[in-house]
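Working notes for the structure below.
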């Protein structure tokens, strides 16, 4: 027998529940942002990724987002640090959360070279937190009476965060349902064997079956972990699994603070009681954890519509790749913002040529004249970045004068050609971009990327 | 149901972590590769270069005390030996070599002839400054030894003579520093087998690719006009004055091929990148790379004059060589490096 009343209650976004999980989440997220930002600054990455490059690769539609000059690029990071601190303490929370969201998203929009799914995740969480009353308890705002203390929130406040985490896992799992991952155990086969020097496990990591075991376990884990976290009986075991899984990834792959983000964020799946007890350590106050009817003032219709919109967006965006022909890993149209994590080992080698449109004289460009090594590495395998790079080269060489046998030759409206080879998930490299196409005239848009060479499986 | 799936997952995990069933046939050991490189390739190559530079110094000092035409001819011939020996060590631009700037001190070209002349005229200079970066090393000697009236200048202009010695001694100091640093660095090198961009194994692979790319672009492509709208630029030739350019290029490519196969200076074919590829079941890639190396090596037999003469008389052959070298870059830089799972990023990366 299905208990419809129970199901309806489960999905009722306006049921009142304890605020405690939201409060704990605020503190954890703020703390991780502080650590993440400090680590970024201390590693010298502000300098390396945002000050040293001469050129940037903005996202389609966000070309107006420009970096600040020179050392001013530290400013958004300082703002991020300070706002994360305020955010964690719940001090001027609204302003802090706006500054946190804007500064973080600004940084991420500057250069798609540095795109990571987890950065997108952070932006989304920061966006959601703008709307949630996470400063209503155990915060400086409530202690200083800037806002009124509150013990309960409508259920969607917690639910939407769980949903967002669930999306990350489930879609990461769906993305693993492909033949490279399941049938060839790639790219894990490549990545794991490279660790064969590790003590104890090293020998194991160059065994083929281990790569398969990792691939399949990872896929099953991503697909189902959320459901085990939602169920109160399986939750403790599932959480042990979360910890083990992310510690393994943290040990083997350079994915920075994100294993910790996932380990701590998933605490939100625990019961209100668990969070109440956690908060009591800080507040020394006994807090009620059972919901009682209380008045919550907001427009249910607006909230419902906004929630439906957000949820629909989250579910549809990862599926947009279905609108394109060809192999997703090859053309990458619809690849980003879809939780496709650790799926590809894609490396490219490319030669770029400036061709004078009048004399058809051509010259190869030296590698790395304009881009940083990271930018070059990322650009060579990502078609939209290749087109952006062609535009950069066009602007650099258009109108430049060269001397041919002592006589000046002014290059007007040069063509930019490229010959690029790419290897994907252990396959032999194959031609990605054929020489002879003027990349300057190809538009960087959302259409099928027919200018790429066809992918041979 | 949940518990059954969960139980399955748990057993999967313990299967992965606890089970230590050795299967010898697929195993490869990067530490053994690095050991072979250190013992049989890098250290003996450095030792050879040190011997060459040391005798260059003693030959020159002997010449200074009692100059004769015959001695000068010996020195000029010996410069070639230094050049060729240098091709074997310049690849390893990490660790001690990177810290001292060894590669650019010895091997930078083309030389800044204006700066060289001004140094000789003033007679006072600090060869470690940035201004003098193009006024030192083998290419400065190439310029100074192979002018038509070099012998006359060496025997009549004291500052000219002194400048040559200063350059030789600077090279000797740098070389000694690198060679002695390697005695302690060796253990660090062998232990650094990770795949992060800072590990010595990654550096070795990256420098290997980089060196190939430099041979393609700097030694061949630029003089050939590949980077200047098809206009040849012989003034960018390495060792233009002596005309050793083609032999240097050949030596450079041959040394890289030997590194690939892990062939030591004693001629023994030890553990190299080829063995790693075979362990990864990439036999086809390995044989493609080896065939290309062989073809490139063989193609040098068609040249029988200097690079500069070939540029005017036989540019097509050079073009072909350039194209074959370019093709090979794809295999080593993309296919091989990707197979090894080497990361070029130093930052977070979720593999997309």
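Going by how many other Cβ atoms sit within 10 Å of their own, how do B:90, A:400 line up, fewest first?
Working: B:90 21, A:400 12.
Ordered by Cβ neighbours within 10 Å, fewest first: A:400, B:90.
Among A:377-387, A:142-152, how do they line up from the highest to the lowest mean number of other beta-carbon atoms within 10 Å? Spell out each step's value before the answer.
Details: A:377-387: 22.5, A:142-152: 14.8.
Most protected by this proxy first, the peptides run A:377-387, A:142-152.
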Report, in whole Å, the centroid distance computed from the Cα atoms of region A:49-118 and region B:33-111.
50 Å
If each residue's Cβ is checked for other Cβ atoms within 10 Å, how do A:260, A:339 rank with the fewest at the top?
A:260, A:339
Once you average over the residues of A:355-366, how many Cβ atoms of partner chains fall within 10 Å of each Cβ?
3
Please compute the modelled spin-label separation between residue A:431 and residue A:303, points set 7 Å along Cα→Cβ, answer in nm with one decimal.
6.0 nm
Can you compute the modelled spin-label distance between residue A:59 and residue B:114, with each label point 7 Å from Cα toward Cβ, in nm?
4.9 nm
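Let me know the mean shielding of A:245-252 by other chains, meaning the per-residue number of their Cβ atoms within 10 Å of its Cβ.
Across the residues of A:245-252, the mean count of other-chain Cβ atoms within 10 Å is 1.
Is the shape of chain A rounded, prolate or oblate, going by the alpha carbon gyration tensor and its root eigenvalues a ≥ b ≥ c, with a/c under 1.5 for rounded and a/b larger than b/c for prolate?
Numbers: a/c = 2.19, a/b = 1.67, b/c = 1.31.
It comes out prolate by the Cα gyration axes.
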Gyration tensor (alpha-carbon) shape descriptor, region A:82-172, a/c threshold 1.5:
oblate
Given just the C-alpha atoms of region A:345-441, how large is their convex hull per residue in cubic angstrom?
94 Å³
Region B:241-267 and region A:134-194 have their Cα centres apart by a whole-number Å value of 55 Å
Principal axis dimensions, region A:1-104 - Cα atoms, whole angstrom, descending
64, 33, 23
Pull out the extension gain between residue B:180 and residue B:313, defined as 0.36 nm times the separation in residues minus the alpha carbon to alpha carbon distance; nm, one decimal.
43.3 nm
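Given 20 °C and 1.002 mPa s, how large is the Stokes-Einstein diffusion coefficient of the protein assembly as shown in µm²/s, with Rh as the Kirkwood radius over Cα pairs?
Values: Rh = 30.2 Å.
Approximately 71 µm²/s, per Stokes-Einstein.
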Compute the FRET efficiency between residue B:162 and residue B:188 as 1/(1 + (r/R0)^6), taking r as their Cβ-Cβ distance and R0 = 30 Å, and round to the nearest 0.05.
0.20
For region B:286-331 and region B:211-229, what is the separation of their C-alpha centers, rounded to whole Å?
12 Å
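Starting from 0.36 nm per residue, how many nanometres of slack lie between residue A:3 and residue A:209 once their C-alpha separation is accounted for? Kindly include the intermediate steps, with their values, before the conclusion.
Details: separation 206, 0.36 × 206 = 74.16 nm, distance 4.40 nm.
Extra length from residue A:3 to residue A:209 when fully extended: 69.8 nm.
Per DSSP helix of 4 or more residues, -39500 (n - 2.57); summed, then divided by the residues of chain A. What does that give at 222 nm, rounded to the nearest 500? Don't skip to the end; give the middle numbers.
Numbers: 18 runs with 224 residues, N = 457.
Mean residue ellipticity, 222 nm, calculated: -15500 deg cm²/dmol.
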Potential extension, residue A:311-residue A:14 segment - 0.36 nm per residue separation minus Cα distance
105.3 nm
According to the square roots a ≥ b ≥ c of the eigenvalues of the Cα gyration tensor, what is the shape class of region B:111-252, taking rounded for a/c under 1.5, prolate for a/b larger than b/c otherwise, and oblate for the remainder?
oblate
Given a Förster distance of 41 Å, the FRET efficiency implied by the Cβ-Cβ spacing of residue A:78 and residue B:58, rounded to the nearest 0.05, works out to 0.10
With r as the distance between the Cβ atoms of residue A:404 and residue B:131 and R0 = 51 Å, compute the FRET efficiency 1/(1 + (r/R0)^6) and round to 0.05.
0.95
Enter the angle in degrees (range 0 to 90, nearest 10) between the Cα long axis of helix A:383-397 and the first principal axis of the Cα atoms of chain A, meaning the one along which they spread out most.
50 degrees
Work out the mean other chain Cβ neighbour count within 10 Å for the residues of A:188-196 and drop it here as an integer.
6
Between 0 and 90°, nearest 10: helix A:20-42 axis offset from chain A longest Cα axis:
30 degrees
Using the number of other C-beta atoms within 10 angstrom as an exposure proxy, rank B:340, A:227, B:49 with the fewest first.
A:227, B:340, B:49
Which angle between 0 and 90 degrees, to the nearest 10, do you get for helix B:158-191 versus the longest principal axis of chain B when only C-alpha atoms count?
10 degrees
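Quick one: compute a quarter of the convex hull surface over the Cα atoms of chain B and quote it in nm². All intermediate terms of the calculation are to be shown ahead of the outcome.
Numbers: hull surface 90.6 nm².
So the Cα hull casts an average projection of 22.7 nm².
Read-outs throughout are calculated quantities, based only on the coordinates presented, and are distinct from any laboratory measurement. All of these numbers come straight from a predicted model, not from anything done at the bench. Here the Cβ is made from the backbone with ideal geometry for all residues, glycine too, and neighbour counts use every protein chain on show.
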